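Single-structure report; data block below.
Derivation of every value follows stated rules applied to the coordinates shown; laboratory data play no part. Quantities reported herein were computed from a predicted structural model and do not represent experimental measurements. Note that we place each Cβ from the backbone using ideal geometry, even for glycine, and neighbour counts take in every protein chain shown.
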């Protein structure tokens with residue numbers, strides 16, 4: 001489980017996170033949703049340690065991440081996998097080399113064992129015969145799946161996904177969402193997904209946190225998100241004309 | 001002024017992180033070999049072309065300037081050799097490499113920054129400056145002196161060819177000149193200088209690439225800044241090192 005307590009973060013004179021506290025449960029897809037600029041990416045980057053909070057704490061299974069030294073932090077990071085918005089595959093490496101990269105750096109497996117693990121991860125995300133291809137030769141959806149394969153190669157305890165559906169068609173987006181959900185349940189990972197895609201919220205949002213102007217404005221599940229009194233959340237959820245018509249009916 | 005001090009501080013912090021203990025030496029070793037191939041072996045062609053033409057041009061110009069019945073013509077060979085050793089094959093090639101290697105390093109690391117590949121490395125628990133920059137520093141510091149030696153050789157060949165084809169001075173006079181009163185210290189001086197230039201080029205370019213914020217336009221600007229600053233510092237280092245070593 002990951003817990004954030006009273007997180008504050010500002011850039012120059014602008015506060016982007018104000019006193020954010022939340023629990024992200026193990027074996028569940030925890031979604032952080034909100035409009036662009038609401039602070040969800042900053043929150044995710046603070047949780048993974050790419051940004052340092054001005055105040056507050058991040059706990060990984062009761063270990064305070066902020067107070068860890070560099071060595072402890074790096075040890076914990078080996079238990080994290082992250083899917084970035086643009087996949088962030090290393091473009092000078094083939095797909096197989098990308099997936100094998102964390103194994104190469106941190107495991108003592110032989111080359112054959114690493115290749116087997118890489119093939120297993122690629123097959124698990126539904127990719128076949130792409131081992132020798134470069135990331136630029138794959139479609140956006142395939143790149144995301146390859147990035148997930150890289151993220152799970154070291155069997156992480158924590159999985160972070162920043163806008164996993166951005167730039168993808170709805171069908172491929174749902175495919176990625178379901179893949180993230182399946183992996184979370186199968187390996188009992190603590191998964192945090194950053195998104196503003198309502199399809200994702202309704203499909204996999206077992207726990208949903210709504211961010212508004214840098215603050216946590218609402219917390220609930222995908223079943224509750226459509227029936228809430230929170231005006232800001234309603235404006236976000238029913239932003240389109242179609243959604244408003246459905247709500248009215 | 002404060003901005004300059006802040007940048008120097010950030011540069012030193014980046015260097016400290018770069019020279020931290022590698023996570024896995026074998027991976028760093030392979031990465032270094034790849035960088036030698038990219039930035040070292042990949043620069044040989046441009047060095048050869050530039051050096052041959054400049055060597056030929058220096059030969060013609062020197063002959064033109066010292067054409068005097070009282071001066072033996074083999075002095076043209078001496079002047080060409082020493083010009084190449086003392087300044088051209090170190091400093092001028094340093095400037096050429098600042099353009100080629102510097103822009104390549106800054107744009108490569110800059111693109112990795114804007115496409116979140118560096119963030120991906122850090123989330124994995126990998127020391128991104130060490131993994132990305134250290135192999136580049138080792139490759140350039142150790143390979144640029146070799147490029148300097150190649151440049152000297154090619155420059156001398158350029159001079160030889162112009163004597164052979166253009167009939168500037170007799171070939172045997174040129175050959176005598178390039179062997180006459182040779183100080184090996186000149187060669188070590190040139191190689192030491194280029195090793196310093198290699199360090200300047202790789203670290204400054206990596207620094208500018210590593211701290212890019214924004215998109216492709218910013219990567220281009222960082223690349224230009226890296227080349228310009230590298231060129232200025234190479235010229236400054238030339239002055240300082242010449243005073244110290246010669």
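Just want to confirm a number: the relative contact order over the range B:23-245, from Cα pairs under 8 angstrom separated by 6+ residues, in percent.
Numbers: 306 pairs, mean separation 79.3, N = 223.
Taking the mean separation of contacting Cα pairs over the length of the range B:23-245, I get 36 percent.
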Degrees separating the helix B:184-210 axis from the principal Cα axis of chain B, which is the longest one = 30 degrees
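Using only alpha carbon pairs under 8 Å that are at least six residues apart, calculate the relative contact order of chain A and give it in whole percent.
Result for chain A is 28 percent.
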query = What nm value, rounded to one decimal, do you get for the distance between residue A:112 and residue B:232 when each label is placed 7 Å out toward the C-beta?
reply = 5.8 nm
request  = Quick one: compute a quarter of the convex hull surface over the Cα atoms of chain B and quote it in nm².
outcome  = 15.4 nm²
query = Ranked by Cβ crowding within 10 angstrom, fewest neighbours first, how are A:2, B:105 ordered?
reply = A:2, B:105
remark   = Using alpha carbon positions and the Kirkwood radius, the Rg to Rh ratio of the protein assembly as shown is 1.12
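Fewest Cβ neighbours within 10 Å first, please rank B:34, A:77, A:145 accordingly.
By the 10 Å Cβ count, ascending, the order reads B:34, A:77, A:145.
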ask   = What does the convex hull of the Cα atoms of the range B:106-246 come to per residue, in Å³, rounded to a whole number?
value = 138 Å³
query = At residue B:68 and residue A:62, where each label point lies 7 Å from the Cα along Cα→Cβ, what is the point-to-point distance in nanometres?
reply = 9.0 nm
query = Over the range A:86-185, what is the relative contact order in whole percent, taking alpha-carbon pairs under 8 Å and six or more residues apart?
reply = 33 percent
query = What fraction, in whole percent, of alpha-carbon pairs in the range A:6-77 exceed 18 Å separation?
reply = 41 percent
Spatial separation of Cα centroids for the range B:46-91 and the range B:151-212, in angstrom = 11 Å
task = Can you grab the distance from the C-alpha centre of the range A:1-69 to the C-alpha centre of the range A:145-211, Å, no decimals?
result = 18 Å
query = By count of other Cβ within 10 Å, fewest leading, how are A:166, B:205, A:139, B:51 ordered?
reply = A:139, A:166, B:51, B:205
task = Starting from the exponent 0.38 and prefactor 2.2 Å, build the expected Rg for the range A:19-121 from its residue count and divide its actual Cα Rg by it.
result = 1.28
Prolate/oblate/rounded call for the range A:107-198, Cα gyration tensor, a/c under 1.5 rounded = oblate
remark   = Simple SL model, points at 7 angstrom along Cα→Cβ for residue B:218 and residue B:185; separation in nm is 5.0 nm
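With the cut-off at 1.5 for a/c, could you classify the range B:42-128 from its C-alpha gyration tensor as rounded, prolate or oblate?
Verdict is prolate for the range B:42-128.
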query = So what's the angle, to the nearest 10 degrees on a 0 to 90 scale, between helix B:128-166 and the longest Cα principal axis of chain B?
reply = 20 degrees
query = For the Cα atoms of chain B, what angle does the longest principal axis make with the long axis of helix B:2-18, in degrees from 0 to 90, nearest 10?
reply = 90 degrees
note = In deg cm²/dmol, rounded to the nearest 500, the helical mean residue ellipticity at 222 nm of chain B, built from -39500 (n - 2.57) for every DSSP H run of length 4 or more, is -26000 deg cm²/dmol
key: Cα-based Rg of the range A:2-248 normalised by 2.2 N^0.38 Å, two decimals   = 1.03
